[in-house]
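Written out below as structure tokens is the structure these notes cover.
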Amino acid sequence: MTTTVVPAIPKAPTDERVARSSPLMRLLIRPEFGALAGAVVVWLLFAWQAGGVWLSWQGTATYVDVSAKYGLTALAIALLMIGGEFDLSSGVMTGTTGMFAGLFAVNSGMHVVLALVLSLVLAVAIGVINGVMVVKSRLPSFIVTLGTFFALQGFNLWLTQRVTGLTNVTGIDAASGYELGRRLFASTMFHIGRAEFSISLLWFVAMAVLGSWVLMRTKVGNWIFAVGGNRDAARMVGVPASATKVGLFVAVAVCGWVHGMVVLFETSRSNVIEGVGQEFYFIIAAVLGGCLLTGGFGSVVGAAFGCLILGMTRQGIPLAGWDPNLNFLFLGAILLAAAFANEAIRRWASTAGRPSQRKIEEAAHDAAVEQDVIAATGDGGGDE
Amino acid sequence: MSDPLGEPVGRDFDGHALLELQRLSKFFGNVIALQNITTSVQAGEVTCVLGDNGAGKSTFIKILAGVHSHDEGRFLMEGKETRFHSPRDAKAAGVATVYQDLAMAPLMSIWRNFFLGSEPTTWLGTIDIKKAKRVAIEEMAKMGIEVRDPEQPVGTLSGGERQSVAIARAVYFGAKVLILDEPTAALGVRQSGVVLRYIVAARDRGLGVIFITHNPHHAYPVGDRFLILKRGASLGNFAKSEITRDELTQMMSGGAELEALSHEIASLRA
């Protein structure tokens, strides 16, 4: 009986360390870095093309306001995408919640506070329905929420036409408690000169801070990364994966409600198809912010910069005197650029310094063959 | 590390093994997945379970990990008859399983993966990130790995290192028995050596390790006990002193098949 010798086990584990990242690399792969850099470039571009209007406080207030409105829903979409899901019904939620609040306050004569609470409850319910359907069926959320999107749109049109004969609800400014709603969702927060900054900016900043805090500092944030990055693994170590995902859908719905209320109280009317088509802008903002379509990686702060890019582009193109149709071309191009950059980072982060899977398999195969041969021929070709 | 057969090394004061299986069987309908399997693992020892594909290794793991329940025989934890009804039961009893895919999110940092599902919190309810990073570094150091940046994504670690994160995590969260499912299967020779080293490190910290593999050359150097499975049945349950490396290799691969292979290779060379 031979004594055991552990064969040739490396004594210096530090040699095994790979992909030691430089500080520069670590900055570059931060998900929000690309969006920040992009925002600076876009700002400079329009500062050059649009000139003085762009640099004025009034110009600034317009693009900030547009950006903030995208952000009301887009920040929650970023969290949802980090959690590995989509929500295509997030756009129509603006019109849906606005319609419900409007119908409750105008056609049912409720106090605005009650209308707000009830429409919020309905939004939460829609979020739960989306989440539960996705989690239970294990279908891609893309298809499930595409279904809810169309179903809601049809339902909204049917309901408002039955009740009001039109596809919008007007007259909320005459409802009792309107002033409170307007203050919460549609007032001017502050002036700089003649430039007005609306309260949606406050909502936007508050959501960005809260969302980022949850994602980076709390358990729930860790779970969001994990259910997006490796759902089965998360479940195996005891993360409530389904509850996390349903919670994300609810968060999107609640943020969609805030968005809906802002539009309702700013315009005093609710068009039921308000927000339809915007779901793609929310996804673009999240991708610009470094969120991967496959989940598990991204940033809320990055998505906020993504919203800023969207807002600047939308306001900057007409101010620069370009053809407004170029908006789509421009957005498409930066979306592609961001998606390519994200993919490169993802590849780096999941494979850096490691041999490719094929090389690993080849090595394992070689080793196995070698050992079989050694075993079969008795200590290395002794039968020669 | 080599202990003579039957010596009370690693046995508790009652002389019970940490985990013991007696004539364990598992059926799926009329398929016999495992039949009359007997083996044990002591604290501070490594029991290797060897078998080719289809030998019943995964059923074996799943019974120990609480995914399946056994149908016949006895399953003893520290001398007490046990039956796990869920992976949670197994975890609570101190049996941790490190699967091949390691249950990690590659894009998440080392410390986030380490504490996933059991995050330490401050009185504010936020994650105690400082503590999480410190513990991750300390626990990895105990496995012999120096982590410089706990923010590094797990996906950028080598295969062997990711194994060690999974092992260190299981140990930190109170595992007494560590089941390693083919940890060297996807690795090259050098990385396999690294993993074997972690197995030895876990053993030396007093854990009972169950090392599942199809490679006798990986099993023999680190193992104290060897269970060989073939088509759901046990070909034997040996202490190290009862079997040599060559015998193990022969049994594992089926002697006759290997001899045929050896002739085939010899004729190729001629």
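The values are calculated or read from the model by the stated rules, or taken from the named source; none is laboratory data. These numbers come from a predicted model, not from an experiment. Note: ideal-geometry Cβ built from the backbone for every residue, glycine included; neighbour counts use all protein chains shown.
Filter region B:225-244 down to the residues that are of a type in the set (Gly, Ala, Ser), farther than 14 Å from B:GLY54 by Cβ and in contact with a helix residue (DSSP H, G or I) (Cβ under 9 Å, 6 or more places away or on another chain) and list them by number. Please lay out each step first, then the result.
Within region B:225-244, the first condition is being of a type in the set (Gly, Ala, Ser), and the residues that meet it are B:232-234, B:236, B:239, B:241.
Restricting the remaining residues to those that are farther than 14 Å from B:GLY54 by Cβ gives B:234, B:236, B:239, B:241.
Correct list: B:GLY236 only.
Sort out which residues of region B:99-123 are more than 9 Å from chain A (Cβ to nearest Cβ) and either out of contact with any Asp or Glu (no Cβ under 7 Å at 6 or more places or on another chain) or buried (at least 24 other Cβ atoms within 10 Å of the Cβ) (or both), and write them in order of number.
Passing the criteria: B:ILE110, B:TRP111, B:PHE114, B:TRP123.
Which is of a type outside the set (A, V, I, L, M, F, W, C) and at pLDDT 85 or above, of B:HIS214, B:HIS263? Walk me through it before giving the result.
Values: B:HIS263 fails: at pLDDT 85 or above.
Checking each option against the conditions leaves just B:HIS214.
Kindly provide the set of residues from region B:74-90 that are under 17 Å from the mean Cα position of the chain (by Cα) and either small (Gly, Ala, Ser) or at the interface with chain A (Cβ under 8 Å from one of its Cβ atoms) (or both), ordered by number.
Hits for region B:74-90 are B:PRO87, B:ALA90.
For region A:285-322, what are the residues that are surrounded by 24 or more Cβ atoms within 10 Å (Cβ to Cβ), under 10 Å from the mean Cα position of the chain (by Cα) and hydrophobic (A, V, I, L, M, F, W, C)?
Across region A:285-322, the qualifying residues are A:ALA285, A:ALA286, A:VAL287, A:LEU288, A:CYS291, A:VAL300, A:ALA303, A:ALA304.
Out of curiosity, is B:VAL41 at pLDDT 90 or above and within 29 Å of A:GLY238 (Cα to Cα)?
For B:VAL41, the condition - at pLDDT 90 or above and within 29 Å of A:GLY238 (Cα to Cα) - is met.
Residue by residue through region A:221-246, note down the ones that are surrounded by fewer than 20 Cβ atoms within 10 Å (Cβ to Cβ) and part of a helix (DSSP H, G or I).
A:ASP232, A:ARG235, A:SER242, A:ALA243 - these are the residues of region A:221-246 that are surrounded by fewer than 20 Cβ atoms within 10 Å (Cβ to Cβ) and part of a helix (DSSP H, G or I).
State whether the residues of region A:43-52 include one that is within 23 Å of A:LEU210 (Cα to Cα), surrounded by 22 or more Cβ atoms within 10 Å (Cβ to Cβ) and not basic (Lys, Arg).
no
If B:GLY160 meets every condition in (1) among the small types (Gly, Ala, Ser); (2) away from chain A (no Cβ under 12 Å); (3) assigned to a helix (DSSP H, G or I) apart from one, which number is that one?
The number of the failed condition is (2).
Can you tell me how many residues within region A:20-36 are among the small types (Gly, Ala, Ser), out of contact with any Phe, Trp or Tyr (no Cβ under 8 Å at 6 or more places or on another chain) and assigned to a helix (DSSP H, G or I)?
Residues in region A:20-36 being among the small types (Gly, Ala, Ser), out of contact with any Phe, Trp or Tyr (no Cβ under 8 Å at 6 or more places or on another chain) and assigned to a helix (DSSP H, G or I): 1 in total.
Does any residue of region B:252-268 turn out to be touching a residue at least 12 places away in the same chain (Cβ under 8 Å), away from chain A (no Cβ under 12 Å) and crowded, with 17+ Cβ neighbours inside 10 Å?
Among the residues of region B:252-268, not one is touching a residue at least 12 places away in the same chain (Cβ under 8 Å), away from chain A (no Cβ under 12 Å) and crowded, with 17+ Cβ neighbours inside 10 Å, which makes the answer no.
Answer yes or no: is there a residue in region A:193-215 that is within 14 Å of another protein chain (Cβ to nearest Cβ) and within 30 Å of A:HIS111 (Cβ to Cβ).
So far as region A:193-215 goes, yes, one or more of its residues are within 14 Å of another protein chain (Cβ to nearest Cβ) and within 30 Å of A:HIS111 (Cβ to Cβ).
Provide a single number: the residues in region A:229-263 that are closer than 19 Å to A:CYS291 by Cβ, under 20 Å from the mean Cα position of the chain (by Cα) and within 14 Å of chain B (Cβ to nearest Cβ).
Qualifying residue count, region A:229-263: 5.
Does A:ARG231 meet the test of being basic (Lys, Arg) and closer than 27 Å to A:GLY311 by Cα?
no
Output the residues belonging to region A:265-287 that are in contact with a Gly (Cβ under 7 Å, 6 or more places away or on another chain) and farther than 15 Å from A:THR73 by Cα.
Those that are in contact with a Gly (Cβ under 7 Å, 6 or more places away or on another chain) and farther than 15 Å from A:THR73 by Cα: A:PHE265, A:SER270, A:ASN271, A:VAL272, A:ILE273.
Identify all residues within region A:182-203 that are surrounded by 20 or more Cβ atoms within 10 Å (Cβ to Cβ) and under 19 Å from A:GLN58 (Cβ atoms); write none if there are none.
A:SER198, A:ILE199, A:SER200
Select from region B:151-187 the residues that are more than 20 Å from B:VAL49 (Cα to Cα) and surrounded by fewer than 19 Cβ atoms within 10 Å (Cβ to Cβ) and list them in ascending order.
Correct list: B:GLU151, B:TYR172, B:PHE173, B:GLY174.
Residues of region B:221-237 being within 12 Å of chain A (Cβ to nearest Cβ) and in contact (Cβ under 8 Å) with a residue 40 or more places away in the chain, which ones? Break it down into steps so the answer makes sense when it comes.
If we filter region B:221-237 for residues that are within 12 Å of chain A (Cβ to nearest Cβ), which is where we start, we get B:221-224.
Residues satisfying the conditions are B:VAL222, B:GLY223, B:ASP224.
Out of A:GLU266, A:GLU274, A:GLU279, report the one residue that is more than 14 Å from chain B (Cβ to nearest Cβ), of a type in the set (D, E, K, R) and under 13 Å from the mean Cα position of the chain (by Cα).
Residue meeting the stated conditions: A:GLU279.
What do you reckon, is B:SER192 at the interface with another protein chain (Cβ under 9 Å from one of its Cβ atoms), surrounded by fewer than 18 Cβ atoms within 10 Å (Cβ to Cβ) and in contact (Cβ under 8 Å) with a residue 24 or more places away in the chain?
It is false that B:SER192 is at the interface with another protein chain (Cβ under 9 Å from one of its Cβ atoms), surrounded by fewer than 18 Cβ atoms within 10 Å (Cβ to Cβ) and in contact (Cβ under 8 Å) with a residue 24 or more places away in the chain.
Can you give me the number of residues within region A:37-87 that are under 23 Å from A:GLY229 (Cβ atoms) and in a helix (DSSP H, G or I)?
Adding up the residues that qualify gives 9.
Looking only at region B:195-206, filter to residues that are among the small types (Gly, Ala, Ser) and surrounded by fewer than 23 Cβ atoms within 10 Å (Cβ to Cβ); which one of those is farthest from the other protein chains (Cβ to nearest Cβ)?
Applying the first criterion (among the small types (Gly, Ala, Ser)) to region B:195-206 yields B:201-202, B:206.
Still in the list and also surrounded by fewer than 23 Cβ atoms within 10 Å (Cβ to Cβ): B:201, B:206.
Numbers: B:ALA201: 10, B:GLY206: 18 Å.
Taking the candidates together, the pick is B:GLY206.
Let me spell it out: the conditions are (1) over 14 Å from A:GLU85 (Cβ atoms); (2) at pLDDT 95 or above, and A:VAL134 meets all of them except one. Which number is the exception?
It is condition (1) that A:VAL134 fails.
Taking region A:182-218 only, how many residues are modelled with pLDDT of 90 or more and either of a type in the set (A, V, I, L, M) or touching a helix residue (DSSP H, G or I) at 6+ places or on another chain (Cβ under 7 Å) (or both)?
23
Would you check if there is a residue in region B:126-137 being assigned to a loop (DSSP other than H, G, I, E, B) and under 22 Å from B:LEU178 (Cβ atoms)?
no
B:HIS68 is checked against (1) surrounded by fewer than 22 Cβ atoms within 10 Å (Cβ to Cβ); (2) of a type outside the set (Ser, Thr, Tyr); (3) in contact with an Asp or Glu (Cβ under 7 Å, 6 or more places away or on another chain); (4) closer than 26 Å to B:ARG231 by Cβ and fails just one. What number does that condition carry?
With (1) surrounded by fewer than 22 Cβ atoms within 10 Å (Cβ to Cβ); (2) of a type outside the set (Ser, Thr, Tyr); (3) in contact with an Asp or Glu (Cβ under 7 Å, 6 or more places away or on another chain); (4) closer than 26 Å to B:ARG231 by Cβ applied to B:HIS68, the lone miss is (3).
Results for (1) more than 24 Å from A:SER299 (Cβ to Cβ); (2) among the small types (Gly, Ala, Ser); (3) modelled with pLDDT under 95, shown as yes or no for each residue.
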{"site": "A:ALA68", "(1), (2), (3)": "no, yes, no"}
{"site": "A:ALA76", "(1), (2), (3)": "no, yes, no"}
{"site": "A:LEU79", "(1), (2), (3)": "no, no, no"}
{"site": "A:PHE104", "(1), (2), (3)": "yes, no, yes"}
{"site": "A:ASN107", "(1), (2), (3)": "yes, no, yes"}
{"site": "A:VAL117", "(1), (2), (3)": "yes, no, no"}
